[in-house]
Amino acid sequence: MKLLHACLWCLLLPGSVLAAEPNFVVINIDDLGYADIGPYGSKLNRTPHLDRMAQEGRRLTCFYAAPVCSPSRAALMTGCYPKRALPIPHVLFPASAVGLNPEERTVAELLKDAGYATACVGKWHLGDQPPFLPTRQGFDYYLGIPYSNDMGMATDGSKSSLGDPIPTPQRRRAAKAAQSAAKQPSPVDTGLTGADQPPLPLLENEKVIARIKQTEQTEIVARYTQAAVKFIRAHKDQRFFLYLPHTAVHFPHYPGQAFQRRSQNGLYGDWVEEVDDSVGQVLNVIRELKLSERTLVIFTSDNGGTPRAVNAPLRGFKGSTWEGGMRVPTIAWWPGKIPAGTSCDAVTGMIDILPTLVRLAGGQVPADRRIDGADAWPQLCGEANAPPAHDVFYYYRGFELEAVRSGPWKLHLAKGELYHLINDVGETQDVAGANADVVRQLRAQADAMQNDLGVTGLGPGCRPLGSVLAAEPLIGRDGRVRAGFAAEHEVME
């Protein structure tokens with residue numbers, strides 16, 4: 001049974017299944033800053049395709065991800081606060097013994113149940129062991145590096161950008177970091193770090209097809225884009241969900257040859273501009289195949305930018321719960337359904353992608369577990385007087401609840417700083433002293449989470465991680481590919 005949506009557009013469309021149930025493309029960039037693209041004010045990076053996407057679509061100016069990669073992707077996949085579905089202190093690394101629990105119901109699984117073809121092309125970062133891979137989490141097809149492009153060997157170029165000297169592995173530094181970690185042990189094994197990391201694998205479905213070195217890094221955006229376009233062409237006559245989480249623009253920076261030294265912003269700007277070109281290719285094939293009027297495309301970033309990026313006018317960077325760490329540039333595009341050239345300042349986020357897409361698809365959001373996200377279609381389609389998607393929003397960093405927002409008010413819990421985000425999006429003026437009642441209300445909202453996700457530790461609402469007994473790298477440091485992921489004894493030189 002089709003669900004009724006807040007906007008009644010589906011009742012006005014022709015009766016075909018394809019008209020009522022759109023295709024979906026979610027493009028997720030890694031570490032892109034809030035003001036790194038033209039629609040959000042960039043003067044350094046040229047992004048004509050994203051400029052056009054925003055002119056034809058809607059900017060979401062208050063869209064929240066998470067402070068870092070893996071938690072953000074867990075939120076997108078599950079519709080939950082990261083701490084609920086992937087309770088880890090930071091991110092996942094190669095050969096992690098834990099990952100997104102196969103018992104979670106991902107957006108890909110739910111759309112597949114509704115009859116969609118599904119593909120993930122790019123960075124996964126929710127576990128690299130077999131039970132956690134995209135092909136076990138609802139995707140028919142996967143191509144990509146299963147984690148960040150810096151999580152490989154220094155000798156392969158994973159710790160340095162294009163043209164930089166290859167650094168000497170800092171084992172002493174890694175050992176020191178391990179000693180520090182031993183003083184504050186993680187409750188779970190999240191994998192290999194630093195100089196202990198193995199070579200970067202490129203997976204196709206569940207086979208290692210390449211070892212990613214410097215040349216392969218420069219080719220990765222083009223490779224993902226070609227696969228994405230091929231998938232769209234192959235499924236133009238059926239409903240599809242394409243998740244395109246780019247490796248770019250995460251450090252190290254390896255723009256493709258055609259984009260090197262092209263921007264005014266160094267290698268970083270080159271890679272932003274290559275990502276823009278990739279978006280253009282995806283949108284152009286949708287236009288060419290006349291799929292525009294039945295395809296929703298969402299462009300976003302997995303967290304705030306690093307200090308290499310521009311997050312203005314926001315305060316802070318990736319890894320923090322300041323707005324610059326979690327508020328990300330996001331554009332929704334669906335000609336004829338989403339009002340062109342508009343923007344929306346309502347609170348939305350990664351947690352809303354699952355319920356929004358599943359309901360537009362006529363599918364069923366799981367009723368047997370807590371879902372924190374909301375159907376944000378009223379915000380996307382510009383419904384007049386739409387109620388807020390979220391009355392309260394919680395800013396978690398790992399296990400810690402660091403801030404809480406309601407309406408325009410945001411309270412940082414540690415120091416009791418209060419900011420009015422409509423008047424002061426840069427969080428520059430603490431107004432707690434003049435708004436004691438607001439502070440009390442927000443602290444009460446924060447305290448209420450103690451009985452759900454927890455404020456500092458794991459609360460009763462946190463669901464179990466997936467786990468394996470003996471995690472192994474997909475490619476060993478000797479270059480040998482793990483059994484089952486390639487031909488026996490194959491060595492990736």
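Table for the structure above
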{"quantity": "Condition check for Gln137: within 30 Å of Ile338 (Cα to Cα) and buried (at least 24 other Cβ atoms within 10 Å of the Cβ)", "calculated": "yes"}
{"quantity": "Residue, surrounded by the fewest Cβ atoms within 10 Å (Cβ to Cβ), within the range 419-432, restricted to residues that are touching a helix residue (DSSP H, G or I) at 6+ places or on another chain (Cβ under 9 Å) and over 19 Å from Asp345 (Cβ atoms)", "calculated": "Val431"}
{"quantity": "Hey, Val272 of a type outside the set (Ser, Thr, Tyr), assigned to a strand (DSSP E or B) and surrounded by 23 or more Cβ atoms within 10 Å (Cβ to Cβ) or not", "calculated": "no"}
{"quantity": "Test: residue in the range 440-450 that is of a type outside the set (A, V, I, L, M) and assigned to a loop (DSSP other than H, G, I, E, B)", "calculated": "no"}
{"quantity": "Contacts under 8 angstrom Cβ, first residue in the range 143-167 being farther than 19 Å from Gln257 by Cβ, partner among the hydroxyl-bearing types (Ser, Thr, Tyr) and not in a loop (DSSP other than H, G, I, E, B), 6 or more apart", "calculated": "Leu143/Tyr224; Gly144/Tyr224; Ile166/Thr155"}
{"quantity": "Single unsatisfied condition, Gly373 versus (1) farther than 24 Å from Arg105 by Cα; (2) in contact with a helix residue (DSSP H, G or I) (Cβ under 8 Å, 6 or more places away or on another chain); (3) not aliphatic (A, V, I, L, M)", "calculated": "(1)"}
{"quantity": "Among the candidates Gly363, Gly341, Gly325, residue that is more than 29 Å from Arg105 (Cβ to Cβ) and of a type outside the set (Ser, Thr, Tyr)", "calculated": "Gly341"}
{"quantity": "Exclusive hit being out of contact with any strand residue (DSSP E or B) (no Cβ under 7 Å at 6 or more places or on another chain) and under 17 Å from Gln55 (Cβ atoms), set Ser278, Ser292, Ser263", "calculated": "Ser292"}
{"quantity": "Residue check for Thr247: touching a Lys or Arg at 6+ places or on another chain (Cβ under 8 Å) and among the hydroxyl-bearing types (Ser, Thr, Tyr)", "calculated": "yes"}
{"quantity": "Tabulated pairs, the range 118-135, first in contact (Cβ under 8 Å) with a residue 60 or more places away in the chain and outside the structural domain of Ala361 (by TED's automatic domain parsing), second surrounded by fewer than 24 Cβ atoms within 10 Å (Cβ to Cβ) and outside any loop (DSSP other than H, G, I, E, B), C-beta under 9 angstrom, 6+ apart or interchain", "calculated": "none"}
{"quantity": "Hits in the range 251-266 - residues which are within 19 Å of Ile212 (Cα to Cα) and either surrounded by 20 or more Cβ atoms within 10 Å (Cβ to Cβ) or not assigned by TED's automatic domain parsing to the domain that holds Leu162 (or both)", "calculated": "His253, Tyr254, Pro255, Gly256"}
{"quantity": "Asn284, sole failed condition from (1) without any contact (Cβ under 8 Å) to a residue 60 or more places away in the chain; (2) in contact with a helix residue (DSSP H, G or I) (Cβ under 6 Å, 6 or more places away or on another chain)", "calculated": "(2)"}
{"quantity": "Test: residue in the range 356-367 that is touching a helix residue (DSSP H, G or I) at 6+ places or on another chain (Cβ under 7 Å), hydroxyl-bearing (Ser, Thr, Tyr) and more than 18 Å from Pro71 (Cα to Cα)", "calculated": "yes"}
{"quantity": "Subset of the range 327-384 (residues that are among the hydrophobic types (A, V, I, L, M, F, W, C), outside any helix (DSSP H, G or I) and closer than 21 Å to Gln137 by Cβ)", "calculated": "Ala361, Val365, Ala367, Ile371"}
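The values are calculated or read from the model by the stated rules, or taken from the named source; none is laboratory data. Remember, predicted model here, so these are calculated numbers, not experimental data. Positions of Cβ are backbone-derived with ideal geometry, glycine not excepted, and every protein chain shown enters the neighbour counts.
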